[in-house]
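Written below as structure tokens is the structure these notes are about.
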Amino acid sequence: MIRRSVLLSAPVRLTALLLVLVIVATGCNRGTKGDRPDEGTPVEQLYEKSHKLMQGGNWSGAEASFRRLVAQYPYGPYTEQAMIESAYAQYKAGKHDDAVSSIDRFIRTYPTHRNIAYLYYLRGLANSNRNTVFLRRVWSLDASRRDLSTPHQAYSDFNIVVDRYPNSRYAADARQRMLVLRDVFAQHELDNALYYMRRGAYVSAAGRANYLLETYPQSAFQNDAVAVLADSYTHLGNKTLADDARRVLQLNQPDHPWLEGKWPKYPWMVRKLNPFAGEKSAATGQRNARLEKK
């Protein structure tokens, strides 16, 4: 009697087991499809979807969509364009380190690509903004007061565009950005000179000013550098060099405030209580005053 009941229930158990397997398999398939919603989508449609996301300003969504395209279709013109636009989306999203890494990989893979000039230009833009966005927004950090290694790399990137691809559509803007960066570098040297001058290290101040004039001629801060020389040589008792610097300054900028004893105007000492502010550039106020007169 017991043996018969077991035999009768075996088909029922087998059916139940098959149903469980079907349900589990269906659930797994649904989960897989949900994880990869674009799987099997033609490359043209996938690119169009990614591009629309980018046009709508959804930079993170566009980057993820372009990555899926590259993963599914690792070769072809759509893939190359997706890699370029993915780097641009990273740049626009503020992921400058990621953008530089993506561009570096692309340049290594396609060194003769028809859009290679744009990649160097985009890398210059990304390097110009690395490690600065948050600090600038929160504490208005002056660009010349931070580490300048990435801006120097940006200058090199823009220089590649100007030097190797002078007829590209990006060369003119790259050249203008190089001029802006040169002024940032020059202001950095001037800030150092003023730092030494404020502390009575006039030999070091004069050395920085001379370096600025030799390395960044025709910068926006060249007259300030001459003023540093005039002030430093005056304090050092070198009347000949001090008079020469004063004469040059009077010739090139007769309204420079140093000639009236009103420069440099150092920032308020209380500012130093802010651990994130650093020492505000004494050169910035003079530059802004010049711009207001124009």
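When only C-alpha pairs under 8 Å and at least 6 residues apart count, what is the relative contact order of the stretch 167-242, in percent? Before the final figure, lay out the partial values.
Working: 74 pairs, mean separation 21.1, N = 76.
The normalised contact order for the stretch 167-242 reaches 28 percent.
Please report the spacing between the Cα centers of the stretch 145-172 and the stretch 188-236 in Å, no decimals.
Result: 26 Å between the Cα centres.
Please work out how much length the chain gains when fully extended from residue 45 to residue 81, using 0.36 nm per residue of separation minus the C-alpha to C-alpha distance, in nm with one decimal. Show your work: numbers first, answer last.
On the way: separation 36, 0.36 × 36 = 12.96 nm, distance 1.39 nm.
Length gained between residue 45 and residue 81: 11.6 nm.
Could you run the Karplus curve 6.51 cos²θ - 1.76 cosθ + 1.60 with θ = phi - 60° over the stretch 56-67 and give me ³J(HN,Hα) per residue in whole Hz, x for Gly and Pro?
x, x, 8, 5, 5, x, 5, 4, 5, 5, 5, 5
What's the extension gain from residue 55 to residue 247 if we count 0.36 nm per residue and subtract their Cα-Cα distance?
Here the answer is 63.5 nm.
With label points built 7 Å along Cα→Cβ from the Cα atoms of residue 110 and residue 234, find their separation and express it in nm.
Each label point is offset 7 Å from its Cα along the Cβ direction, giving 6.0 nm.
Once the whole set of protein chains is in place, how much accessible area is left on residue 51, using a 1.4 Å probe, in Å² to the nearest 10?
The accessible area of residue 51 comes to roughly 50 Å².
What are the ³J(HN,Hα) couplings of the stretch 77-87, residue after residue, when phi is run through the Karplus curve with 6.51, -1.76, 1.60 and θ = phi - 60°? Round to Hz, x for glycine and proline.
Each residue of the stretch 77-87 in turn: x, 5, 5, 4, 5, 5, 5, 5, 6, 5, 5 Hz.
Evaluate the relative contact order of the stretch 40-99 (contact order divided by residue number), counting alpha-carbon pairs under 8 angstrom at least 6 apart; express in whole percent. Can you show the working numbers first?
Numbers: 59 pairs, mean separation 18.7, N = 60.
Computed value for the stretch 40-99: 31 percent relative contact order.
Starting from the 7 Å offset along Cα-to-Cβ, what nm value, one decimal, do you get for the label separation of residue 198 and residue 183?
In this crude spin-label approximation the distance works out to 2.2 nm.
How much accessible surface does residue 180 have with a 1.4 Å probe, in Å² rounded to 10?
We get 90 Å² for residue 180.
Can you give me the solvent accessible area of residue 85 with a 1.4 Å probe, rounded to the nearest 10 Å²?
20 Å²
Grab the Cα-Cα distance for residue 255 and residue 72, subtract it from 0.36 nm times how many residues apart they are, and report the gain in nm with one decimal. Mind dumping the intermediate values first?
Working: separation 183, 0.36 × 183 = 65.88 nm, distance 6.49 nm.
The residue 255-residue 72 span can extend by a further 59.4 nm.
The values are calculated or read from the model by the stated rules, or taken from the named source; none is laboratory data. Quick caveat, the model's predicted, so the values are computed rather than measured. No Cβ is skipped: glycine too gets one built from the backbone with ideal geometry, and neighbour counts run over all protein chains shown. In case anyone asks, the SASA skips ligands and DNA or RNA and just uses the protein heavy atoms, side chains included. Shrake-Rupley method; radii C 1.70, N 1.55, O 1.52, S 1.80 Å.
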